[in-house]
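Enquirer: Questions regarding the structure given below will be posed in turn.
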Amino acid sequence: MDLSTVQALVRFGLGRRPAEALPTDPAAWLLSQLQGPDPAAGMGPRTADGLAALRADRKNKPPPGESQSRALFRDGAVAQLANALTTQAPFRERLVWFWTNHFTVSVRRGQCAAVLPSFVAEAIRPHVTGRFADMLLAVMRHPAMLLYLDNVASIGPDSPAGVRSHRGLNENLARECMELHTLSPASGYAQADVTAFAAILTGWSIDLQADPPGFRFRPGAHQPGEQTVLGHAFPAGEAGGVAALEFLANHPATHRFLAAKLVCHFVSDDPPPAAVHRIEGVLRDTQGDLGAASVALVGLDAAWHPLTKLRTPQDLVVAGLRALDLSPDQTGNPIGALGGLGQPFWNAPAPNGWPDRAADWAAPEAMVRRVDWAFGLAGRTQATDPLEIADATLGPLLQPATQDAMRHAGSRHESLTLFLSSPEFQRR
Amino acid sequence: MVHLTRRSALLGLTAAFGLGRASLAFADAQTDQRFVVVILRGALDGLAAVVPYGDPGLATLRPGTQGPTPDGLLDLGGFYGLHPALANFHMMYAAGEMLPVHAVAGPYRIRSHFEAQDCLESGADHRMTSGWLNRVVAALPADTSRPEGEALAIGVSVPLLLRGPAEVANWAPHGFAMPQADLYARIAALNAHDTVTGPALAEGLRGRGFSEAVMQGVTPETNRYAFPALAAAAGRMLAAADGPRIAALELGGWDTHTAQAARLTGPLHQLDDGLAALKAGLGESWTRTAVLVMTEFGRTARINGTGGTDHGTATVAFVLGGAIGGGRVVADWPGLGAGKLFEDRDLAPTTDLRSVAKGLIAQQFGLTESVLTQVFPGSSGAAPMRGLLRA
């Protein structure tokens, strides 16, 4: 295995499974994954099923942990992780995880658990090689996001519902959309822009009683009148919101922000300005074509410098399970492991999602827990040759010091623990 | 594989572990004997655990070794002395419940940990797909009074020793997976030059209370997941009348290439406390229990350039239990003088470890010669050692 092959597997992919065939042309292998529909398309329950579960739970009030919503969430998390372990398109899957984190929806608030799996399947997965504007629109219309960031409760104060109930705007979704999903604060928008955008999004809600339940624009809760965001006027009505999202998606500040975030993920914690500039240009020139941006990421020389990124717990657990190629009954409880390592699944503390820099993950206790996790995982395999696994997984990235320590370990268990705890396995 | 859900639930209630009385109905069943194997992974230095201080050759190989003293070696009858960390072993020895077998080795002459452990667990001179203890289980008559099976592996996975056709249960306490201090230390060293993971790991281990002394093996660690806790749990499970009667445990930390004197103390304390905990957990069943403590090979007779020892050949095995006819050391002692060492570096093997194992299981379970040969294929040259158990 040469350096570019292992780099394609660990930087762009999810880590090598020793059983899988090596690509003959690593870059071409990555680009081929961007073609055609996602192989995991259609996975899991649909949004309407999730909302029906939520509806039933609100009616029946089952004890905590026994709700239909929890079951859908749990099954969805297991399926998402299982797919990451076996997918033939790991680069594509990494992009799915990246954009899912970019548009964070967390089970911590908003009763969104039941629709989290379908959020990934319907709002993220179909668009990772499409237009960013389409992904943004799908996200903002998805019940998971509308629940998570409170937009279902946001009412135009001058709408019929607002006049009747004396309730008003909830800016949460509008603010996070501008701050975290599109423009970023660096673009210099003002509070008035946030308020106007929140007014634009009033009425973007869900109808839980409909059959099937789903997104619904509620004209009766929509703030009447034209709104101005960053100097651009948008008419009242649902179409005004769609136009505002298209405007935000294609704003130069959005392209700059997305480019920096992508380069941070695929190149290094300190994104080289030239690389950011390159991706930003592709997004600008293609009107936010994420497939073209992904192709350009593969084309960045800087993205082929090895071991610059510390694996997040999610990256580490997936890569470890892939390296040992464990069958599902041998993996233990990887979802639980993610919690123990500080990255519980679909459970980010805040809407800005999980951080993507080493400094955020290399806390002392967190690093020792990685070792404990490695020790537990290493004890589950019945593989006979740890060095063979290490070589098949990391090839030229495997350091002599690690090989030496592995060779001198007192047992296979210790040898594999050393491998999984080595500096190079902690990186991608 | 069977998961011991019911039993693990019971284990959570240490004070209320209440199978005892209800189980008395089964207590006199013919399947009452207990057998436990403890694998010491990493190669225990037999010459440090059971020191032949009476051999005049020892002074040359290991200068400064002293005979028994009040705070030194614990005497085992005038020629051998037990490492001072093995105080419980010594009490069991005095009670006739502990018997070291010295200068033992398996039928292989391999100095690779992994391959040697495969052979040790296979019970052969090559790796097999099943372990000898599983074949023991398979040879026993089916016993429907044990709903979770005859045998139990303590740990997150089943070691090769217990893998095979016979069904084996597996148990580990929740959150069990914790390396020993020595492995943490090696991982910290491997990361020491990394500007991100190095300082974080060092600080994290300090935060966990691993002082430099603990990391170097100078001070024994205290770890609630450590071996004594597992051994105590194993004892309680084995004590239940409908529980398993065969169990395997393992303990690492024996690969003492450097600073052996300091590094050995911690693992030996764990082993010593572990056997005491196993005995306590077994309660009255201890009287019908035999334990075999074995390791894959010994270490060099000479101390190397870094105060440690390298991979060798013969070592010591321990048999313990209330069923043991102990209080003596069994060895065909090869001597340590000039020309006595195997390949001029290791304690020479004079007893086949399979003879010890065969002697134990033959007497404990009444296994016939033909069954013993199935358990240890190709071992006809290694006759079962007689008289390990009380008559």
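The values are calculated or read from the model by the stated rules, or taken from the named source; none is laboratory data. Everything numeric in this text was worked out from a predicted model, so none of it was measured. Positions of Cβ are generated from backbone atoms using ideal geometry, with glycine treated the same way; all protein chains shown enter the neighbour counts. Side chains are part of the model used for accessible areas, which takes the heavy atoms of the whole protein and leaves out ligands, DNA and RNA. Shrake-Rupley method; radii C 1.70, N 1.55, O 1.52, S 1.80 Å.
Enquirer: Please go through segment A:30-66 and pick out each residue that is among the acidic types (Asp, Glu) and within 30 Å of A:Gln7 (Cα to Cα).
Expert: Selection gives A:Asp38 alone.
Enquirer: Restricting the search to segment B:158-169, which residues are surrounded by 19 or more Cβ atoms within 10 Å (Cβ to Cβ) and either without any contact (Cβ under 8 Å) to a residue 40 or more places away in the chain or within 13 Å of chain A (Cβ to nearest Cβ) (or both)? I'd like the intermediate steps shown before the answer.
Expert: So in segment B:158-169, the residues surrounded by 19 or more Cβ atoms within 10 Å (Cβ to Cβ) come out as B:158-164, B:166, B:168-169.
Those that are surrounded by 19 or more Cβ atoms within 10 Å (Cβ to Cβ) and either without any contact (Cβ under 8 Å) to a residue 40 or more places away in the chain or within 13 Å of chain A (Cβ to nearest Cβ) (or both): B:Val158, B:Pro159, B:Leu160, B:Leu161, B:Leu162, B:Arg163, B:Gly164, B:Ala166.
Enquirer: Now for a different question. Given the options A:Ala303, A:Ala243, A:Ala253, A:Ala260, name the one that is surrounded by fewer than 18 Cβ atoms within 10 Å (Cβ to Cβ), small (Gly, Ala, Ser) and in a helix (DSSP H, G or I).
Expert: None of the other options fit; the residue is A:Ala243.
Enquirer: Take segment A:64-78 and flag every residue that is open to solvent by 40 Å² or more (accessible area, probe 1.4 Å) and over 17 Å from A:Gly332 (Cβ atoms). Can you show your working first?
Expert: Going residue by residue through segment A:64-78, those that are open to solvent by 40 Å² or more (accessible area, probe 1.4 Å) are A:64-66, A:68, A:70, A:74-75, A:78.
Within segment A:64-78, A:Pro64, A:Gly65, A:Glu66, A:Gln68, A:Arg70, A:Asp75 qualify.
Enquirer: Report those strands (runs of 3 or more DSSP E) wholly inside segment B:35-116 carrying at least 1 residues which are under 19 Å from the mean Cα position of the chain (by Cα) and away from chain A (no Cβ under 14 Å).
Expert: Output list reads B:80-82, B:98-105.
Enquirer: Against the condition away from chain A (no Cβ under 14 Å), under 20 Å from B:Leu271 (Cβ atoms), of a type in the set (A, V, I, L, M, F, W, C) and open to solvent by less than 40 Å² (accessible area, probe 1.4 Å), how does B:Leu140 come out, does it pass? Reasoning before the result, please.
Expert: Details: away from chain A (no Cβ under 14 Å): yes; under 20 Å from B:Leu271 (Cβ atoms): no; of a type in the set (A, V, I, L, M, F, W, C): yes; open to solvent by less than 40 Å² (accessible area, probe 1.4 Å): yes.
No, not satisfied.
Enquirer: Only one of (1) closer than 19 Å to A:Ala123 by Cβ; (2) open to solvent by 50 Å² or more (accessible area, probe 1.4 Å); (3) not in a helix (DSSP H, G or I) fails for A:Pro45. Which number is that?
Expert: A:Pro45 satisfies every listed condition except (2).
Here's the yes/no breakdown for (1) open to solvent by 40 Å² or more (accessible area, probe 1.4 Å); (2) among the β-branched types (Val, Ile, Thr); (3) not in a helix (DSSP H, G or I):
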| site | (1), (2), (3) |
| --- | --- |
| A:Ala144 | no, no, no |
| A:Val152 | yes, yes, no |
| A:Asp158 | yes, no, yes |
| A:Val163 | yes, yes, no |
| A:Gly168 | no, no, yes |
| A:Leu173 | no, no, no |
| A:Thr195 | yes, yes, no |
| A:Ser205 | no, no, yes |
| A:Asp211 | yes, no, yes |
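Enquirer: Continuing with this model, one more query. If you take the residues of segment A:282-316 that are within 14 Å of chain B (Cβ to nearest Cβ) and without any contact (Cβ under 8 Å) to a residue 60 or more places away in the chain, which of them is farthest from A:Leu183 (Cα to Cα)?
Expert: Per the criteria, the residue is A:Pro313.
Enquirer: Can you find a residue in segment B:195-218 that is among the aromatic types (Phe, Trp, Tyr) and modelled with pLDDT of 90 or more?
Expert: no
Enquirer: Considering B:Thr351, B:Thr315, B:Thr306, B:Thr368, which residue is open to solvent by 10 Å² or more (accessible area, probe 1.4 Å) and at pLDDT 95 or above?
Expert: B:Thr351
Enquirer: Within segment A:183-193, how many residues turn out to be surrounded by fewer than 18 Cβ atoms within 10 Å (Cβ to Cβ) and outside any loop (DSSP other than H, G, I, E, B)?
Expert: Step one: filter segment A:183-193 for residues surrounded by fewer than 18 Cβ atoms within 10 Å (Cβ to Cβ), giving A:185-186, A:188, A:190-192.
Now drop any that are not outside any loop (DSSP other than H, G, I, E, B), which leaves A:185-186, A:191-192.
So the count comes out to 4.
Enquirer: With the requirement that a residue be at the interface with another protein chain (Cβ under 8 Å from one of its Cβ atoms) and either closer than 14 Å to A:Thr384 by Cα or surrounded by fewer than 24 Cβ atoms within 10 Å (Cβ to Cβ) (or both), what does segment A:418-428 give you?
Expert: Listed by number, the list holds a single entry, A:Pro423.
Enquirer: May I ask you to list pairs of residues, at least six apart or on different chains, whose Cβ atoms are under 6 Å apart, with the first in segment B:190-205 being free of Cβ contacts under 8 Å to residues at least 12 places away in the same chain and at the interface with another protein chain (Cβ under 7 Å from one of its Cβ atoms) and the second being small (Gly, Ala, Ser) and in a helix (DSSP H, G or I)?
Expert: So the pair list comes out as B:Leu190/A:Ala405; B:Asn191/B:Gly198; B:Val196/A:Ala358.
Enquirer: Of all residues in segment A:376-404, count the ones that are closer than 18 Å to A:Ser327 by Cα and within 11 Å of chain B (Cβ to nearest Cβ).
Expert: 11
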